[in-house]
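J.: My structure is below; once you've seen it, I'll send some questions.
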Amino acid sequence: MKFKLSHYNIVTDSLSDEQSESTKRVLFATRTAKSMVITNRLYDKLQREAWDELAPNDFDKLLAIEAIVPQSEVEVKTIIERNQAKIKDDKSLYQVIQPTAMCQLGCGYCGQKHSKNQIGEIASERILERVESKFAFKEYNHLSIAWFGSEPLVGLAQIRDLTPKFKEMAQRHNCTYDSKVVTNGLSLKEHIFVELVKKHGVTKIEVTLDGTAEYHDARRHTKAGLSTFNLIFKNLLDIFNRPDFKTLGCTISIRCNVDERNSMSVVPLIEFLAAHNLQDKIEYFYVAPIHSWGNEAHLLSHEKEEFAKNEIDWILAQYQNGFRPGFLPGIKPVVCLSVTPDSEVFDAFGNVFDCTETPYVDVYANTEYVLGNVHNGLSTISKHRPLLSFNDEVANNEYPCSTCKMLPVCGGGCPKSWREGIVACPSNKFNIKEKLMLFYALKKKGVEALAQVYE
Amino acid sequence: MQSNDLFILEAIDNLQYNQQNNGNIARGDLIHGNVYGEILDGLVKDYVSNMELRGLNYIWGKYDKALTEARRNNLEQSQQLLSEVEAIQAEYDPNTPLYALINVAALPMKAYLLYRNSAFKEAESLLFQAIENDIALIKDGFYILEYHRIQQLHNINRLHFKQGKLLEGASVIHQALRYILYEHLPAMSSDWSIKSLQQAPDSLRSAMFLQLSLEPIGVFLHHILQEKELFNAAFANLTFFEPRTSDEAVMLQWFEIKELFFKAEDNNQFLKEAIEFISKTGSEFDILKLSLIANISDALKKTSVYTIEYHQKIVAFSSQLKVPDRHKQVCLTYVSRVLES
Ligand code: SF4
Ligand code: SF4
């Protein structure tokens, strides 16, 4: 049997190490998302594929992390087929529900068109029927509902109405149940949080803060232009400071959307959160570039490489301020719900989609992204899911992902973006080597090393 | 109350759960355990070149991963890994010992995936192929594979049980056990090698013996009304061997107590020995105790000292046993029925 060096290896430049004579590199095998520190000598042998010169131990490790693979393997085919097998085996039924088309905020970069509509009684029944129907085709062991917006907490009445019905459905099918909420945080009062967790099975909440008050309020203000940062942050503090917060079983993450207008505010926000001792209360803090809502918002987004460079500084800032974020990507066999055959997104009008970013956005109305509407009868909902073939398209060399070394840990970024001709690569693509160097520093010298680099 | 029944009350009053676990019993299949694996690895190293060994280990590892995914009920991912590794195996010459060595892992794994997909016939055929595949290798010095062949008998037994063919499954276990304990050649397949069987360490024989016995005992609990027939089909006449390890001694004692129960000649003697067994034996044998508890409840009912209070003490004792819940529940349901009858 013959071997070859996998195409899916990322190797850093040489790193000097005061403690040892040899220079080293970090090798990241994206097929398994496992890393290994290697000497330059070993690197040289790998480059030459001089397998018989490799110590058995090194060879076995490299083989185990799939940095070395069988020579005859067509790797991209393997990766895509593994992703597809993973999707087929997934026993968790994931559905996204947008209970209302309303949001209190008027963020300049938001492409959604908000209105006061909520999911009505008939739509609720039909959505339940639609989700129920999925159990006939596959044996699930878990039902997971994501409450998305507009602002889902404006639709709290719908969450209250639907949750017991979903829980009962899960129980009937011997499934466990949980849910998550992606919210602007304005209505996330302490008692609402407790209700969500204790009554509605919410185990994850994501709140967006676009920088410190000054920057956040300049973009995430109410529709009437009023500030929101202090209200949101007070809500968060009330929750985080509950003595039982950690034992309630619901995590809260903070997302910070950036473009060039607010990127300078990320570090002050990290410092602000740290000053309130939230390091071990926030599940994770992450910065996301503004994406396209079918509008021009992404054009203001930092150039991807610039964003990736900044992201390293933001990671270091987190370490210096006592946060301990992970930064190496894990494998991503399922890029998003659009490549699964059973996950759907329901909006407040009863429209059904296969992507979370298409509801309430004018440019997607009357496109194939709207699979149908539950009011027109469930049988009228299109079986054709436009993004479902994405993995096959990658296998057919239709996107740069087909040759990209990051494919196993990226999954292809965002299928919809590639379809629209927008490069979908996440920051990892551009800063993975820097992240591997941080990983090396962390491994060699512990967390202090990262905090010092920042200084 | 007859005075010679009184010892039973005392014994039940003093019943204590023995938490001790000597940890000798392998979890899962022995064939994935250390003794077997280490010996096989050693033999392989002497047999193939270093480069061949790399390939072989890679392929075995991959079949193992496919098996793990199938066990986790990730059947598509298992199939995917299988397709990947089959493509590599196809590059080897099927007429070489190396190919046969690959098949040592490949055939049972493929059979397992077929079993998980309810393709029982095809799975059984592959297991027989696995038994045959080992013959030439054993002749070439891979004596340890005799246990791999016995493992396939166990897998065939599992196939039968899964299809509800209990007696057929029990009879396969019986053949395997008689081979291990008495060196009586199994009627299934051919070329069994007693010399190879004897070459393996006692600990391996003992572990295989336990693996073959304990799993069916759990299954029989779910068919308790048929227990005598099943016991005889799987374990009849297994009390004439010389135990070579302490685990074998425990098994021997259990077989003797069970036979005493099924003979139904001396109820008190059975109760005395059974109660002693369940209070003295370590927790790794809890499944044996659970099986006896069902019989104890029957025997207790026949005595003059039977009271609900004592019956309940037995039930309380059972609840401490470290056995899968499904076994415990079915046994306790039976015990309650005896109580109500
Ligand atoms: S296609 Fe893109 S925008 Fe739509 S759900 Fe997937 S990642 Fe999100
Ligand atoms: S989206 Fe970009 S980083 Fe991800 S796989 Fe495709 S080309 Fe690579």
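J.: From the phi of every residue in the stretch B:5-11, what ³J(HN,Hα) in whole Hz does the Karplus formula 6.51 cos²θ - 1.76 cosθ + 1.60 yield, where θ is phi - 60° and glycine or proline is x?
T.: For the stretch B:5-11, the Karplus-derived couplings read 8, 5, 4, 5, 4, 4, 4 Hz, x marking Gly and Pro.
J.: Mind checking the log10 I(q)/I(0) for the stretch A:84-380 at q = 0.07, 0.11, 0.14, 0.15 Å⁻¹? Debye, one equal scatterer per Cα, no solvent, two decimals.
T.: Log10 of I(q)/I(0), two decimals: -0.27, -0.69, -1.15, -1.32.
J.: What does the extension gain come out to for A:A218 and A:N241, with contour length at 0.36 nm per residue minus their alpha carbon separation?
T.: Values: separation 23, 0.36 × 23 = 8.28 nm, distance 2.72 nm.
Net length gain for the segment: 5.6 nm.
J.: Between A:V74 and B:K139, how many nm apart are label points set 7 Å from Cα along the C-beta direction?
T.: It works out to 4.1 nm between the two label points.
J.: In nm, to one decimal, how far is the B:E168 label point from the A:E132 one, both placed 7 Å along Cα→Cβ?
T.: Inter-label distance under the simple model: 4.1 nm.
J.: Can you give the helix-only mean residue ellipticity at 222 nm for chain A, where every DSSP H stretch with n ≥ 4 adds -39500 (n - 2.57) and the sum goes over all residues, rounded to the nearest 500 deg cm²/dmol?
T.: On the way: 15 runs with 162 residues, N = 455.
Roughly -10500 deg cm²/dmol at 222 nm, from the helical runs in chain A.
J.: Oh, and also: Tell me whether the stretch B:296-335 comes out rounded, prolate or oblate; compute the Cα gyration tensor, take square roots of the eigenvalues as a ≥ b ≥ c, and use a/c under 1.5 as the rounded threshold.
T.: On the way: a/c = 3.08, a/b = 2.05, b/c = 1.51.
Cα axes put the stretch B:296-335 in the prolate bin.
J.: So, one more: In percent, what relative contact order does the stretch B:29-205 have, based on Cα pairs under 8 Å that are 6 or more apart in sequence?
T.: So the answer I get is 18 percent.
J.: For peptide B:64-76, what's the mean number of Cβ atoms from other chains within 10 Å of each residue's Cβ? If you can, show how the numbers build up before the last one.
T.: On the way: counts 0, 0, 0, 0, 0, 2, 0, 0, 1, 4, 6, 3, 9.
Across B:64-76, the average partner-chain Cβ count within 10 Å equals 2.
J.: Please work out whether the stretch A:169-316 counts as rounded, prolate or oblate from its C-alpha gyration tensor, where a ≥ b ≥ c are the square roots of the eigenvalues and a/c under 1.5 means rounded, while otherwise a/b larger than b/c means prolate and anything else oblate?
T.: Working: a/c = 1.77, a/b = 1.54, b/c = 1.15.
Prolate, because a/c is 1.5 or more and a/b exceeds b/c.
J.: Okay, which of the stretch A:183-208 sit inside 13 Å, backbone N to the point 7 Å along the Cα-Cβ direction of A:R160?
T.: A:192-193, A:195-196, A:199-200
J.: Peptides B:280-289, A:161-170: what's the order by average Cβ count within 10 Å, highest mean first?
T.: Details: B:280-289: 20.6, A:161-170: 17.8.
Packing order, densest peptide first, comes out as B:280-289, A:161-170.
J.: Moving on. Label point 7 Å out from A:E195 along Cα-to-Cβ: which residues of the stretch A:161-187 have amide N under 15 Å?
T.: Answer for this model: A:161-164, A:186-187.
J.: How big is the Rg/Rh ratio for the stretch B:29-205, C-alpha atoms only, Rh by Kirkwood, two decimals? Provide the component values of the computation, followed by the final result.
T.: Numbers: Rg = 15.8 Å, Rh = 16.6 Å.
Here Rg/Rh amounts to 0.95.
J.: Which value, in Å³ per residue, describes the convex hull spanned by the Cα atoms of the stretch A:1-111?
T.: Working: hull volume 25.3 nm³, N = 111.
Roughly 228 Å³ of hull volume per residue.
J.: Would you work out which of B:G282, B:M208, A:S417 lies farthest towards the positive end of the dipole of the protein assembly as shown? Charges go on Cβ: Lys and Arg +1, Asp and Glu -1.
T.: A:S417
J.: Checking the a/c ratio against 1.5 first, then a/b against b/c, what shape does the Cα gyration tensor give for the stretch B:140-183? Intermediate values should be presented prior to the final figure.
T.: Numbers: a/c = 4.97, a/b = 1.82, b/c = 2.74.
Note, shape of the stretch B:140-183 comes out oblate.
J.: While we're here: For A:K199, list the lysines whose Cα falls under 22 Å from its own Cα; do not include residues on the same chain fewer than 8 positions away.
T.: Leaving aside lysines fewer than 8 places away in the same chain, those within reach of A:K199 are A:K165, A:K167, A:K180, A:K189, A:K246, A:K281.
J.: While we're looking at this one, here's another question. Where a Cα-Cα gap under 19 Å defines reach, which aspartates and glutamates qualify for A:K433, not counting those fewer than 8 residues away within the same chain?
T.: By straight Cα distance, A:K433 reaches A:D13, A:D17, A:D44, A:E66, A:E303, A:E305, A:E306, A:E311, A:D313.
J.: Would you mind getting the Kirkwood hydrodynamic radius of the protein assembly as shown from its Cα pairs, rounded to one decimal in Å? Could you put the intermediate results ahead of the total?
T.: Details: mean 1/r = 0.0322 Å⁻¹.
Value: 31.1 Å, from the Cα pair sum.
J.: Which entries in the list B:K62/B:K162; A:K332/A:K405; A:K4/B:K110; A:K34/A:K443 go over 20 Å, if you measure between the two C-alpha atoms of each?
T.: Pairs exceeding 20 Å: B:K62/B:K162; A:K4/B:K110.
J.: Which Cα, out of A:Y286, A:L153, A:L387, lies furthest along the positive dipole direction of the protein assembly as shown (beta carbon charges, K/R +1, D/E -1)?
T.: Comparing the listed Cα positions along the dipole, A:L153 ranks first.
J.: Apply 1/(1 + (r/R0)^6) to the Cβ-Cβ distance of B:N117 and B:H222, taking R0 = 22 Å, and write down the FRET efficiency to the nearest 0.05.
T.: Step by step, r from the Cβ atoms, then E = 0.45.
J.: Explain nothing, just the number: relative contact order of the stretch A:346-412, from Cα pairs under 8 Å at least 6 residues apart, as a whole percent.
T.: Numbers: 60 pairs, mean separation 14.7, N = 67.
About 22 percent, as a whole number.
J.: For A:T176, list long-range residues whose amide hydrogen, built 1.01 Å from N in the peptide plane, is under 5 Å from its own amide hydrogen.
T.: A:H142, A:L143
J.: For the stretch A:258-274 and the stretch A:161-204, what is the separation of their Cα centres, given in Å?
T.: Taking the Cα centre of each part, the stretch A:258-274 and the stretch A:161-204 sit 30 Å apart.
J.: What FRET efficiency would be calculated for the residue pair A:E260, A:D13, taking the C-beta separation as r and a Förster radius of 22 Å, to the nearest 0.05?
T.: Values: r = 29 Å, r/R0 = 1.33.
For A:E260 and A:D13, the calculated efficiency is 0.15.
J.: Considering only B:Y182, B:L113, A:Y364, whose Cα is most displaced toward the positive end of the charge dipole of the protein assembly as shown, charges sitting on Cβ of Lys, Arg (+1) and Asp, Glu (-1)?
T.: Of the listed residues, the answer is A:Y364.
J.: Mind checking the angle between helix A:190-200 and chain A's longest principal axis? C-alpha axes, 0 to 90 degrees, to the nearest 10.
T.: 90
J.: Treating only the Cβ of Lys, Arg, Asp and Glu as charged (+1, +1, -1, -1), what charge dipole size does the protein assembly as shown show about its Cα centre? Round to the nearest 20 debye.
T.: 1160
J.: Applying the Karplus parametrisation 6.51 cos²θ - 1.76 cosθ + 1.60 with θ = phi - 60° to the phi angles of the stretch A:318-331, what ³J(HN,Hα) value in whole Hz is obtained for each residue in order, glycine and proline being reported as x?
T.: Once rounded to whole Hz, the list reads 5, 4, 5, 9, x, 7, 10, x, x, 9, 8, x, x, 5.
J.: Please give the calculated 222 nm ellipticity per residue for chain B, where each DSSP H segment of at least 4 residues contributes -39500 (n - 2.57) and the sum is spread over every residue; nearest 500 deg cm²/dmol?
T.: Details: 16 runs with 244 residues, N = 341.
About -23500 deg cm²/dmol.
J.: How far, in degrees from 0 to 90, does helix B:145-162 lean away from the longest principal axis of the Cα atoms of chain B, to the nearest 10?
T.: For helix B:145-162, the angle is close to 60 degrees.
J.: Charges only on Cβ, +1 for Lys and Arg, -1 for Asp and Glu: so what's the dipole of chain A about the Cα centre, in debye to the nearest 20?
T.: Roughly 760 debye, rounded to the nearest 20.
J.: Using a Förster distance of 60 angstrom, determine the FRET efficiency expected from the C-beta separation of A:R324 and B:A264, and round it to 0.05.
T.: Values: r = 67 Å, r/R0 = 1.12.
Once the sixth-power term is evaluated, E becomes 0.35.
J.: Let me know the charge dipole size of the stretch A:3-73 about its Cα centre in debye, to the nearest 20, where only the beta-carbon of Lys, Arg (+1) and Asp, Glu (-1) is charged.
T.: Working: 9 positive and 12 negative charges, 42 e Å.
For the stretch A:3-73, the charge dipole is close to 200 debye.
J.: Pull the list of chain A cysteines that no other Cys approaches to under 4.7 Å, Cβ to Cβ.
T.: Lone cysteines by the Cβ rule: A:C103, A:C175, A:C250, A:C256, A:C336, A:C355, A:C401, A:C404, A:C410, A:C414, A:C425.
J.: Using a 7 Å offset from the Cα along the Cα-to-Cβ direction at both B:K272 and B:E229, what is the distance between the two label points in nm, to one decimal?
T.: According to this spin-label approximation, the distance is 3.3 nm.
J.: Sort all Cα-Cα distances of the stretch B:210-336 into consecutive 10 angstrom bins from zero, then give the percent of pairs in each bin up to the one containing the longest distance.
T.: Per 10 Å bin, starting at 0, the Cα pair percentages come out as 12, 48, 35, 5, 0.
Values quoted throughout were computed directly from the atomic coordinates according to the rules given, and no laboratory measurement underlies them. The structure displayed is predicted, hence computed values, not measured ones. Note: ideal-geometry Cβ built from the backbone for every residue, glycine included; neighbour counts use all protein chains shown.
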